[in-house]
Amino acid sequence: MIFIISKLAIVLLNPILWIAVIFLWGLFTKKETRKKKYYIAGIIMLLFFTNPFIINKLILAYQPAKVSLRPGENYSAGILLGGFAVKNKKDRQTYFSEQSDRFIQTLLLYKTGHIKKIIVAAGDGTVFNRDSFREGDFIQQQLIAMGVPPEAIALDRNSRNTAENAAYAKKIIDSLQLPPPYILVTSAMHMPRAKKTFTKAGVGIKPYPAAYAVRPQDSVVPTDYILPSSKALQNWELYLRETVGSFMYWITGRG
């Protein structure tokens, strides 16, 4: 039940939805003074949530810094969290998403000898039409195609969220008796919540963030402060999902 509620709550953490509701209230309100207030509020919200400067600053403060491993810094395993591949029902093809840097970085860690084994934690996180696609199976196939031997891959294909990622990964680690700590690879925005969740589950990890939503600015462009951006709306949704998700995990004792 908690899983379903959390998935449905994500739909509500969308500034576009909030702005649309404000404008609709204004549209159907009969009082002209109230209608005007709703429209003004909607415009203010639209300008705020499409401003890239504000959300970029928040995300840069939230994301952990990029990590580089020293030569000879090796670990028994790297834990790769899913959420970067999806199967299209129409053409029955599986596509990598913009979060697939997680996959690339994990593969690089293995190829450069920093990790000896890859633990893939990726099941089916959908609410409807469950079991139609297991992301872990696809990831395992792609790793093997890239030259990773099957015996170097441990697969969790049942976890549906970060808390279950941690629980199933711990079972695999215990069964294989792999010495800690372990490299944890996930998106930079997701890393703060993932780190706390894995630590709570008793899995000692070294964070290795990937797929950065926002990179530090290496130049200042005045238009970045004033021109609206549709990407800013997407980043707000990502930021709210992670910060609220982290708060909910803390309340429920999962991270």
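The values are calculated or read from the model by the stated rules, or taken from the named source; none is laboratory data. Remember, predicted model here, so these are calculated numbers, not experimental data. Cβ coordinates were reconstructed from backbone atoms using ideal geometry, including for glycine residues, and neighbour counts include every protein chain displayed.
If you go through the stretch 210-234 and keep only what is within 18 Å of ALA65 (Cα to Cα), surrounded by 16 or more Cβ atoms within 10 Å (Cβ to Cβ) and not β-branched (Val, Ile, Thr), you end up with ALA210, ALA211, TYR212, ALA213. Has the stretch 45-60 got any residue that is of a type in the set (Phe, Trp, Tyr) and out of contact with any Pro (no Cβ under 8 Å at 6 or more places or on another chain)? Yes, there is a match, as at least one residue in the stretch 45-60 is of a type in the set (Phe, Trp, Tyr) and out of contact with any Pro (no Cβ under 8 Å at 6 or more places or on another chain).
On inspection, VAL221 does not qualify as β-branched (Val, Ile, Thr), touching a residue at least 60 places away in the same chain (Cβ under 8 Å), within 30 Å of LEU47 (Cα to Cα) and not assigned by TED's automatic domain parsing to the domain that holds GLN93. Assess whether PHE133 counts as being at pLDDT below 95, among the aromatic types (Phe, Trp, Tyr), within 22 Å of ILE172 (Cα to Cα) and under 22 Å from the mean Cα position of the chain (by Cα). Answer is yes for this residue.
Residues checked against (1) closer than 17 Å to ALA122 by Cβ; (2) in contact with a strand residue (DSSP E or B) (Cβ under 9 Å, 6 or more places away or on another chain); (3) crowded, with 23+ Cβ neighbours inside 10 Å:
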site: GLU164; (1), (2), (3): yes, yes, no
site: ILE172; (1), (2), (3): yes, yes, no
site: LEU178; (1), (2), (3): no, yes, no
site: THR186; (1), (2), (3): yes, yes, yes
site: LYS195; (1), (2), (3): no, yes, no
site: THR199; (1), (2), (3): no, yes, no
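In the set (1) assigned to a helix (DSSP H, G or I); (2) within 23 Å of ILE119 (Cα to Cα); (3) at pLDDT below 95, the condition left unmet by ILE54 is number (2). The residue list GLY26, GLY72 contains one member that is more than 24 Å from the chain's Cα centre (by Cα), at pLDDT below 95, closer than 30 Å to ILE173 by Cα and not assigned by TED's automatic domain parsing to the domain that holds ILE144, which is GLY72.
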